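The values are calculated or read from the model by the stated rules, or taken from the named source; none is laboratory data. Computed from a predicted model, the values in this text were never measured in an experiment. Don't worry about glycine lacking a Cβ; one is built from the backbone with ideal geometry, like all the others, and counts go over all protein chains shown. Each accessible area value is taken on the protein alone, full model and side chains, heavy atoms only, with ligands, DNA and RNA left out. Shrake-Rupley method; radii C 1.70, N 1.55, O 1.52, S 1.80 Å.
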Amino acid sequence: MHAFEFKDGQLHCEEVPLRRIAEEVGTPVYVYSRRTLREHYRRLDEAFSSLPHIICYSVKANSNLAVLATLAGEGAGADIVSGGELYRALKAGIKPEKVVYAGIGKTREEMAYALGAGILMFNVESELELEALDGVAGELGMKASVALRVNPDVDAETHPYIATGLREAKFGIGMEDAVEAYRRAASLKNLEVTGVHQHIGSQITQVEPFRESLSRVGELVERLQSMGMGIRYINIGGGFGIPYRGEEVPYPRDYAQALEPILRGSGCTVILEIGRMIVGNAGVLLARALYRKRTGEKRFLVVDAAMNDLIRPSLYGSFHDILPVEERERPVEKVDVVGPVCESGDFLARDRELPAFEPGDLLAVMSAGAYSFAMSSNYNSRRRAAEVLVDGGRFEVVRQRESYDDLVRGERIMG
Ligand code: LLP
């Protein structure tokens with residue numbers, strides 16, 4: 001069963017009518033389905049059950065504590081990219097020994113924090129970072145477990161901003177330099193080389209790029225193992241795509257089936273860093289229509305959510321379906337759905353055939369569980385939206401709407 005469905009003409013999240021949430025909490029508000037989070041996690045876990053594996057949920061997709069705690073309850077680890085994400089993961093009850101730390105710009109302070117917390121491993125992206133980590137671990141009298149992120153040079157055929165596996169990307173170490181970098185890592189006495197990491201991009205809707213890149217990674221693993229390096233983990237990254245407009249995308253089991261032959265032979269534990277596939281379709285952004293207007297030929301629907309709440313359409317031209325919260329007979333019209341922010345790029349949908357919404361109507365911006373609230377900002381001094389988690393017939397506000405005081409917290413007027 002889908003998390004968001006119409007019952008008696010009302011769009012629900014699980015058993016809760018979205019209208020009720022809008023009335024009690026106000027709009028704009030993000031609403032997440034706990035059941036869906038769990039289902040997506042379990043589906044992924046089952047798909048890879050024939051291989052030793054750890055699912056490290058990619059915290060950047062949605063870092064709300066209640067979301068993290070729900071996944072922690074399922075046994076999830078975390079893929080983090082900052083000290084802040086580590087703080088959140090630990091606070092939500094994710095076990096440090098299931099945390100992997102990626103990113104090209106870890107500071108020494110962040111490295112020390114993660115070492116002290118006892119995370120599983122660092123995904124290191126450059127030789128200088130190897131040296132820095134070795135230094136920090138030495139100062140603490142610890143050994144840091146590392147994987148190197150290699151760049152397999154495959155085209156994931158996704159939006160250029162979220163493709164990361166091409167040779168020219170800022171991420172990872174080129175395949176041609178990998179063996180040398182591993183030699184260097186193995187020579188540093190405060191590091192223990194334990195894994196190989198790749199991440200080729202996000203919202204990838206085919207299995208093939210994964211198969212291609214993993215077969216290259218598999219060859220590298222064999223070579224490193226034959227050199228006597230103790231590679232025990234292959235981290236395949238994240239990137240499993242989701243349907244945004246009902247399109248066909250591979251299921252977790254399709255990925256698992258295709259990748260199993262490559263992974264099994266390695267004898268390694270597989271790490272998955274999945275974000276979007278778990279949370280993307282577990283959330284919606286609820287907004288209310290404010291005004292209708294026309295300029296020249298164009299029709300606009302002005303709503304109370306804006307690019308500061310959901311930047312994906314403005315930044316990537318992403319498509320998010322928009323549904324009425326209350327089903328009613330309405331004529332269809334072509335509109336731009338826009339927010340109050342003072343930018344022409346502030347839109348949630350462009351030239352979209354939609355039921356003609358009237359001021360006061362509620363609408364649900366779908367597939368807004370991943371990279372949505374997480375990328376929101378205070379631009380135009382707009383308070384960030386509330387977040388709600390639904391569980392069956394009940395719901396809780398898991399992040400309050402910001403107040404005006406929140407907006408100026410930490411600021412002061414110079415004397
Ligand atoms: N691992 C690493 C190293 C990553 O950089 C990412 C995402 C993931 C895992 C998780 O990828 P996922 O399973 O969620 O595809 N803001 C963009 C997406 C940026 C993805 C960044 N890295 C968007 O809204 O589409």
Q: Might you let me know whether the range 255-276 holds any residue that is part of a helix (DSSP H, G or I), under 24 Å from the mean Cα position of the chain (by Cα), charged (D, E, K, R) and within 22 Å of residue 60 (Cα to Cα)?
A: yes
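Filtering the range 258-267 down to residues that are surrounded by 19 or more Cβ atoms within 10 Å (Cβ to Cβ) and of a type in the set (A, V, I, L, M), which residue is nearest to the ligand (Cβ to nearest atom)? Break it down into steps so the answer makes sense when it comes.
Of the range 258-267, the ones surrounded by 19 or more Cβ atoms within 10 Å (Cβ to Cβ) are 259, 262-263, 266.
Narrowing further to those that are of a type in the set (A, V, I, L, M): 259, 262-263.
Numbers: 259: 15, 262: 19, 263: 17 Å.
Only one residue fits best here, namely 259.
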Q: Please work out which residue is nearest to residue 28 (Cα to Cα), limiting yourself to the range 362-388 and to residues that are out of contact with any helix residue (DSSP H, G or I) (no Cβ under 9 Å at 6 or more places or on another chain) and away from the ligand (no atom under 16 Å from the Cβ).
A: 363
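Can you go through 367, 376, 372 and tell me which one is touching an Asp or Glu at 6+ places or on another chain (Cβ under 6 Å) and outside the structural domain of residue 62 (by TED's automatic domain parsing)?
Values: 367 fails: touching an Asp or Glu at 6+ places or on another chain (Cβ under 6 Å); 372 fails: touching an Asp or Glu at 6+ places or on another chain (Cβ under 6 Å).
Answer to the check: 376.
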(Q) Scan the range 196-219 and tell me whether some residue there is in contact (Cβ under 8 Å) with a residue 60 or more places away in the chain, assigned to a helix (DSSP H, G or I) and among the acidic types (Asp, Glu). (A) yes
**Q.** Residue that is least open to solvent (accessible area, probe 1.4 Å) [pool: residues in the range 72-97 that are out of contact with any helix residue (DSSP H, G or I) (no Cβ under 7 Å at 6 or more places or on another chain) and assigned to a helix (DSSP H, G or I)]
**A.** 72
Q.
For residue 100, only one of the following conditions fails: (1) touching a helix residue (DSSP H, G or I) at 6+ places or on another chain (Cβ under 9 Å); (2) in a strand (DSSP E or B). What is its number?
A. (1)
Q | Which numbered condition residue 176 misses (of (1) within 29 Å of the chain's Cα centre (by Cα); (2) more than 18 Å from residue 121 (Cα to Cα)) | A | (1)
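Can you find a residue that is small (Gly, Ala, Ser), more than 25 Å from residue 175 (Cα to Cα) and within 16 Å of the ligand (Cβ to nearest atom) anywhere in the range 250-257? It would help to see each step written out before you state the result.
Just the residues of the range 250-257 that are small (Gly, Ala, Ser), to begin with: 256.
If we keep only those that are more than 25 Å from residue 175 (Cα to Cα) too, we end up with none.
There is no residue in the range 250-257 that is small (Gly, Ala, Ser), more than 25 Å from residue 175 (Cα to Cα) and within 16 Å of the ligand (Cβ to nearest atom).
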Q: Considering only the range 315-361, give the strands (runs of 3 or more DSSP E) lying wholly within it that have at least 2 residues that are within 16 Å of the ligand (Cβ to nearest atom) and closer than 23 Å to residue 297 by Cα.
A: 347-355
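Within the range 160-198, take every residue that is within 24 Å of residue 253 (Cα to Cα) and at pLDDT below 95 and give me the one that is surrounded by the fewest Cβ atoms within 10 Å (Cβ to Cβ).
Step one: filter the range 160-198 for residues within 24 Å of residue 253 (Cα to Cα), giving 162-165, 195-198.
Next, only the ones that are at pLDDT below 95 stay: 162-165.
Working: 162: 17, 163: 21, 164: 20, 165: 26.
Among them, the one singled out is 162.
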(Q) With the requirement that a residue be in contact with a Gly (Cβ under 9 Å, 6 or more places away or on another chain) and either within 15 Å of the ligand (Cβ to nearest atom) or basic (Lys, Arg) (or both), what does the range 95-110 give you? (A) 95, 98, 99, 100, 102, 104, 106, 108
Q | Residue within the range 126-136 that is of a type outside the set (A, V, I, L, M), within 16 Å of the ligand (Cβ to nearest atom) and either surrounded by 15 or more Cβ atoms within 10 Å (Cβ to Cβ) or assigned to a loop (DSSP other than H, G, I, E, B) (or both) present | A | yes
Q.
For the condition within 11 Å of the ligand (Cβ to nearest atom) and touching a His at 6+ places or on another chain (Cβ under 9 Å), what is the one hit in 270, 279?
A. 279
